[in-house]
Amino acid sequence: MFCCPFMWKSGGEDLQGFYPVRPECQSDVPRTRFKSRAGKTLSARRWHAAFTEDGHLDMEKVLRRIQRGGIHPSIKGAVWEFLSGCYDPDSTFDERTKLRNLRREQYGAWKEECKSMVPVVGSGKYITMAVVSENGQPIDDSSVENQGWVVKTAVTDDRVLQWMLSLHQIGLDVARTDRYLSFYENDINQSKLWDVLAIYTWLNLDIGYVQGMNDICSPMIILFEDEADAFWCFERVMRRLRENFRATATSMGVQTQLGVLSQVIKTVDPRLHQHLEDLDGGEYLFAIRMLMVLFRREFSFLDALYLWELMWAMEYNPNMFATYEELESRNNNAADDPKLLKRYGKFERKYVNSGTNERHSNTIAVFVVASVLQTKNKRLLKEAKGLDDVVQILGDIAGNLDAKKACKEALKIHEKFLKKANSGNRQ
């Protein structure tokens, strides 16, 4: 991870120094609004103080701090491992070290498996040209673009063929991912991103690779020095997002969330919803990118990470680790225990209290999009005469959104939506 050469001072540190932008790209990236706030942002000192001597983490205290002021860049990776469900806050240092080593070994085994099929994996290079045709025949002239490697015999295994057909698309996306960051001037770092995405795709062929996964994975490559740790954090984050990327010949999974967004706006701002319907935008397809890549285009790199950790803290569920590891959950009676309930994020508590379990489609990201639409309500009603105008108006928000404010507004809209929906159900 990039590191600043100076210590953190109250509001005085240039946090962008953790993620340097190439000089020639400075004018092309959204400005960063996030600033460290003494007494609000989770600092390294506060983070380390949140652990007991043997390693149990006071997650309630950590969540409270994150929701107040985000996470300092020097500890983002370590904190994200808990927010994403990689580790259980109730585990010890020794237990996590054992699990980390097991996961690194597992990742290494998967990497070797992929390398045995495509030697470019783990070579420090990556593929940008198709290596096989749709019927599995080798493409001989791909050698120059693919580091001198070609498939020598026809690929007859359907799973292997499906995977190999995706590798060059991953490479093309890697080549343009966060290119404005100095980090990706190093080819080795680009190849790490390709390796992680290629291996994830091999393990998840039911969904495969879909453009946008590169935008979700890139921060993990930057935050974690060990590629295996980056993979596992990405894998856990994708547990929340993977259904958005599931595609059929006629639909994409994200349309479920777009349907929820439509219902939200129809409930809390019927006039705006009707206007969008009149513009043939009632399916809210213009919001696909925001939901697929979690606002990566609307915020600077640092601000996008800030938004992610705010949302994850608000959605935090202490049962995540147990659910992902298929263990028995220990907090099933949280609704009846105020002390247990405090271990959940603000947004998640609403679902625990209500007993609702619709968590894929009703994520806080949907309500953040709703808050963005609300901030542009007047312009959309007055200036949008077609969908192109809607896209242009929403495009103007890049670099002008405040992540914390957007999340606060999202919580308000969520509250309003639940009240109106519940009162409608009672009538």
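The values are calculated or read from the model by the stated rules, or taken from the named source; none is laboratory data. In this text, all values refer to a predicted model and were calculated from it rather than measured experimentally. Here the Cβ is made from the backbone with ideal geometry for all residues, glycine too, and neighbour counts use every protein chain on show. We work out accessible area using only protein heavy atoms, side chains counted, and drop any ligands, DNA or RNA first. Shrake-Rupley method; radii C 1.70, N 1.55, O 1.52, S 1.80 Å.
Quick notes on this structure:
- First in the range 379-396 and at pLDDT below 95, second anywhere and among the β-branched types (Val, Ile, Thr) and open to solvent by 50 Å² or more (accessible area, probe 1.4 Å), Cβ under 7 Å, 6 or more apart: none
- The range 289-304, residues that are small (Gly, Ala, Ser) and touching an Asp or Glu at 6+ places or on another chain (Cβ under 9 Å): Ala304
- Out of Ser262, Ser300, sole residue that is polar (S, T, N, Q) and closer than 15 Å to Val372 by Cα: Ser262
- Within the range 400-427, tally of residues that are assigned to a helix (DSSP H, G or I) and under 21 Å from Lys266 (Cβ atoms): 19
- Hits in the range 1-54 - residues which are charged (D, E, K, R) and modelled with pLDDT of 90 or more: Arg22, Glu24, Lys40, Arg45, Arg46, Glu53, Asp54
- Contacts under 7 angstrom Cβ, first residue in the range 104-133 being free of Cβ contacts under 8 Å to residues at least 60 places away in the same chain, partner open to solvent by 60 Å² or more (accessible area, probe 1.4 Å), 6 or more apart: Val120/Gln147; Thr128/Glu145; Thr128/Leu172; Met129/Glu145
- Some residue of the range 158-178 being touching a residue at least 60 places away in the same chain (Cβ under 8 Å) and in contact with a helix residue (DSSP H, G or I) (Cβ under 9 Å, 6 or more places away or on another chain): yes
- Given (1) in a helix (DSSP H, G or I); (2) open to solvent by 20 Å² or more (accessible area, probe 1.4 Å); (3) touching a Ser or Thr at 6+ places or on another chain (Cβ under 8 Å), number of the condition Lys192 does not satisfy: (3)
- Identification of helices (runs of 4 or more DSSP H) wholly contained in the range 28-145 with 3 or more residues that are surrounded by fewer than 19 Cβ atoms within 10 Å (Cβ to Cβ) yields 44-49, 59-69, 93-117.
- Hits in the range 177-191 - residues which are among the β-branched types (Val, Ile, Thr) and closer than 15 Å to Val21 by Cβ: Thr177
- Only one of the numbered conditions (1) closer than 30 Å to Glu298 by Cβ; (2) surrounded by 15 or more Cβ atoms within 10 Å (Cβ to Cβ) is violated by Arg176, and that is (2).
- Selected residue (criterion: nearest to Glu283 (Cα to Cα)) from residues of the range 385-399 that are open to solvent by 40 Å² or more (accessible area, probe 1.4 Å) and part of a helix (DSSP H, G or I): Leu387
- Failed criterion for Ser262 (all others in (1) free of Cβ contacts under 8 Å to residues at least 24 places away in the same chain; (2) in a helix (DSSP H, G or I); (3) farther than 28 Å from Leu411 by Cβ; (4) not β-branched (Val, Ile, Thr) hold): (3)
- Hits in the range 265-302 (condition: part of a helix (DSSP H, G or I), among the charged types (D, E, K, R) and either under 13 Å from the mean Cα position of the chain (by Cα) or on the phi > 0 side of the Ramachandran plot (or both)): Arg289
- Selection status of Glu243, touching a residue at least 24 places away in the same chain (Cβ under 8 Å), assigned to a helix (DSSP H, G or I) and either in contact with an Asp or Glu (Cβ under 9 Å, 6 or more places away or on another chain) or under 30 Å from Lys419 (Cβ atoms) (or both): yes
- The residues of the range 233-260 that are touching a Phe, Trp or Tyr at 6+ places or on another chain (Cβ under 7 Å) and either farther than 27 Å from Tyr324 by Cα or open to solvent by 20 Å² or more (accessible area, probe 1.4 Å) (or both), listed by number, are Glu235, Arg239.
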